[in-house]
Amino acid sequence: MYPAPPEIETRLFTRLPDEYRVTGEPNFWVTVNKPGGMMDSFLEGPAFDRDGNLYCVDIPYGRVFRVSPGGEWTVAVDYDGEPNGLKIHRDGRLFIADQAHGIVVADPATGQTEQLITRPNLERFLGSNDLVFASNGDLYFTDPGRSSLNHPTGRVFRLSAGGELELLLDGAAYPNGLVLNADESVLYVAITSSNAIWRLPLNAGPMDRRAGLFIQMSGGLGPDGLALDAEGNLAVAHTRAGTVWLFGPSGEPVARVRSCAGPATTNIAYGGGDGKTLYITESETASILTAEMPTPGRPMYSHM
């Protein structure tokens with residue numbers, strides 16, 4: 001065991017304006033995920049464009065928000081979907097992991113969407129969750145559906161820049177956020193229902209691609225979004241624990257970032273002028289928090 005790491009405070013950057021909070025009868029997504037309750041939103045998937053705008057998704061209501069550097073909100077995309085994860089391609093398009101439609105591509109200028117891949121081999125995805133680009137344009141994404149410890153059916157895919165889909169991992173209990181290490185030889189995957197981070201080597205052949213346990217966590221619902229900094233430290237949004245953990249390259253805890261809002265710290269992205277500001281979506285209060293981190297985030301290839 002390790003000693004408790006130093007703590008980093010958060011502050012409120014902005015919260016979803018009341019005009020965008022949905023009221024009334026819950027829709028099907030809300031009914032399934034919060035029986036008997038109501039959600040006015042559920043924020044996830046933060047990502048920055050070249051102009052410093054922060055995009056994030058609202059799962060139950062099919063919206064993608066654009067948040068300016070000054071904290072002003074606008075709806076960039078509004079469609080019939082369940083957007084869960086988001087990354088921005090180098091050409092400016094928004095790539096969305098959609099629970100209902102697989103991988104969806106959106107134009108942030110027009111709000112138009114198209115389904116990129118929905119039915120591989122004529123079978124639908126279980127329910128796509130998060131995604132990340134490699135430097136060569138390959139897209140990695142998780143597909144957990146309703147998987148769990150007693151129903152470990154979640155999967156991880158790679159969609160090559162040329163359009164070839166490959167199953168990298170299956171049999172996981174809710175694979176969620178994911179990120180590549182610096183030389184892109186390893187894919188880190190948050191396995192939410194196992195409360196763990198798995199390490200998936202990518203240089204091995206398909207017959208020898210053996211996943212390993214990188215970090216075993218405790219408390220909270222489990223790890224959600226992941227991000228990497230320039231020194232190889234892994235930031236992990238620990239949802240329902242109101243925490244983002246920072247782990248060193250060997251898995252030791254370096255710092256703990258505590259939410260100043262609710263406990264539902266769902267996902268993270270590095271931004272700000274020097275790249276050291278960590279932006280955190282907190283879905284219970286529909287807020288975006290910030291924390292000043294010791295090291296800048298690793299540049300995302302999808303922004304180049």
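Here, each number is a calculation from the coordinates, and none is a lab measurement. Model, not experiment: these values are computed from the prediction. A quick note on method: Cβ atoms are made from the backbone with ideal geometry, for glycine too, and the neighbour counts reach across all protein chains shown.
Sparsely packed loop sites in the stretch 5-112 (the trypsin sites (Lys or Arg not before Pro) outside DSSP H, G, I, E and B with at most 14 other Cβ atoms within 10 Å) comprise Arg21, Arg50, Arg90. Dividing the radius of gyration of the alpha carbons in the stretch 144-192 by their Kirkwood radius gives 1.02 for Rg/Rh. Using alpha carbons only, the radius of gyration of the stretch 49-152 set against its Kirkwood radius gives Rg/Rh = 0.99.
Among Asp78, Asp58, Asp183, which one shows the biggest mean-square fluctuation in a GNM of the chain, springs joining Cα atoms closer than 10 Å? Largest GNM mean-square fluctuation: Asp183. Sorting Asp170, Asp98, Asp18 by the number of Cβ atoms found within 10 Å of their own Cβ, with the fewest placed first, yields Asp18, Asp170, Asp98. Taking every alpha-carbon pair in the chain and binning the separations at 10 Å intervals from zero gives 6, 30, 39, 21, 3, 0 percent. Say R0 is 30 Å: what FRET efficiency, to the nearest 0.05, do Thr23 and Met1 get from their beta-carbon distance? Approximately 0.05, to the nearest 0.05.
Taken over the stretch 203-304, the ratio of Cα radius of gyration to 2.2 N^0.38 Å equals 1.13.
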